[in-house]
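K.L.:
Mind looking over this structure? Questions follow.
The values are calculated or read from the model by the stated rules, or taken from the named source; none is laboratory data. The structure presented is a predicted model; accordingly, all values stated were derived computationally and were not measured. Here the Cβ is made from the backbone with ideal geometry for all residues, glycine too, and neighbour counts use every protein chain on show. Surface areas here come from the heavy atoms of the whole protein model, side chains and all, with no ligands, DNA or RNA. Shrake-Rupley method; radii C 1.70, N 1.55, O 1.52, S 1.80 Å.
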Amino acid sequence: MPGHWLLASLGKRVLRPGGLALTSRLLRALNIGAKDDVLELAPGLGVTAKMTLARSPRSYTAVERDEKAARGIIRILEGTHNRCVLGTAENTGLPSEAFTTAYGEAMLTIQGAPAKARILEEVRRVLKPGGKYGIHELCIVPDESGEAIRREIEKRLSTGIHVGVQPLVAKEWRQLLESAGFRVLWEERAPMHLLEPKRLIRDEGFFGALRFAFNLLRRPDARKRVAQMRNLFREYRQNLEAIAFVCEKV
Ligand SMILES: C[S@@+](CC[C@H](N)C(=O)[O-])C[C@H]1O[C@@H](n2cnc3c(N)ncnc32)[C@H](O)[C@@H]1O
């Protein structure tokens, strides 16, 4: 089971590297409001979806590849202007130039280079001219990190999380966005503390973190895997950060 679904099965709702704090900053930078038609790619358990809906956009559309997650998103949506489509970010099937704002968190990192490029092309297609696009992903630091350490991190994380992980250095994330036809307006970072106790409490709340800890106690196999993931993140703490960008379609 991929690491993010393992964490979800233990009650964790926030599955992105910079936590809710970086998500809040990203949403503020996107400045979503009543005039916006918003597209969220890969909403997962819907934590950011709820934050976006609280901003009362004109419409909200989600595209999620996982059927169970998509059903969960549909349950939290109300009204005829909000919907969730089961599909992939590479090929959403949505009309061109239909959205003022798009964003996705912890999704590009788990795609290879060709899929990353296809997703950005698709986002550009569905955004209106001047539309905004936000991402919140995993980043390797520093920019000058050598190939050997980068390949090692990719390999160790992919094996540990059970999903192909290909984080980029900040400079490459920026280049990827720019070469896909976006102009970067905003960039911020946060520590990669996904499984650190303080972050767990901040992201899941006191009782949510308690439920997560209780579930870990009940499931020794899951506990072992979560400990392995946390140890990996700690081992590479000098080389891993969360990064968020807001850019506009040019
Ligand atoms: C690590 S989780 C992040 C979920 C959520 N965005 C969050 O930050 O909590 C990755 C999510 O991306 C979805 N996903 C992965 N590849 C996708 C793709 N090509 N198209 C749509 N969704 C995808 C998965 O189903 C999962 O919900």
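K.L.:
Yes or no: Glu90 surrounded by 16 or more Cβ atoms within 10 Å (Cβ to Cβ) and closer than 20 Å to Gly164 by Cα?
P.N.:
Judged against the criteria, Glu90 is a match.
K.L.:
Let me ask something else about it. So the check is Cβ under 7 Å with 6+ separation or different chains; which pairs have a first residue in the stretch 106-134 that's within 26 Å of His193 (Cβ to Cβ) and a second one that's open to solvent by less than 10 Å² (accessible area, probe 1.4 Å) and away from the ligand (no atom under 13 Å from the Cβ)?
P.N.:
Correct list of pairs: Tyr133/Leu127; Tyr133/Phe182; Tyr133/Cys247; Gly134/Leu30; Gly134/Phe245; Gly134/Val246.
K.L.:
Please enumerate the residues belonging to the stretch 5-22 that are under 18 Å from Ile243 (Cα atoms) and either out of contact with any strand residue (DSSP E or B) (no Cβ under 6 Å at 6 or more places or on another chain) or more than 9 Å from the ligand (Cβ to nearest atom) (or both).
P.N.:
Selection gives Val14, Leu15, Gly18, Gly19, Leu20, Ala21, Leu22.
K.L.:
If you go through the stretch 37-83, how many residues are of a type in the set (Gly, Ala, Ser), within 14 Å of the ligand (Cβ to nearest atom) and either open to solvent by 20 Å² or more (accessible area, probe 1.4 Å) or farther than 17 Å from Trp5 by Cβ (or both)?
P.N.:
Number satisfying all stated conditions: 4.
K.L.:
Could you say which residue among Glu188, Glu147, Glu204, Glu178 is within 23 Å of Leu7 (Cβ to Cβ) and charged (D, E, K, R)?
P.N.:
Glu204
K.L.:
Considering (1) more than 9 Å from the ligand (Cβ to nearest atom); (2) in a loop (DSSP other than H, G, I, E, B); (3) crowded, with 22+ Cβ neighbours inside 10 Å, say which one Ala34 fails and leave the rest.
P.N.:
The number of the failed condition is (3).
K.L.:
Go through Ile135, Ile119 for me and flag whichever is under 21 Å from Arg183 (Cβ atoms), open to solvent by less than 20 Å² (accessible area, probe 1.4 Å), within 12 Å of the ligand (Cβ to nearest atom) and outside any strand (DSSP E or B).
P.N.:
Among Ile135, Ile119, only Ile119 is under 21 Å from Arg183 (Cβ atoms), open to solvent by less than 20 Å² (accessible area, probe 1.4 Å), within 12 Å of the ligand (Cβ to nearest atom) and outside any strand (DSSP E or B).
K.L.:
If you take the residues in the stretch 151-171 that are among the charged types (D, E, K, R) and closer than 24 Å to Leu22 by Cα, which one is most open to solvent (accessible area, probe 1.4 Å)?
P.N.:
Lys171
K.L.:
Taking only the stretch 92-116 into account, find how many residues are outside any helix (DSSP H, G or I), among the aliphatic types (A, V, I, L, M) and within 13 Å of the ligand (Cβ to nearest atom).
P.N.:
Result for the stretch 92-116: 4.
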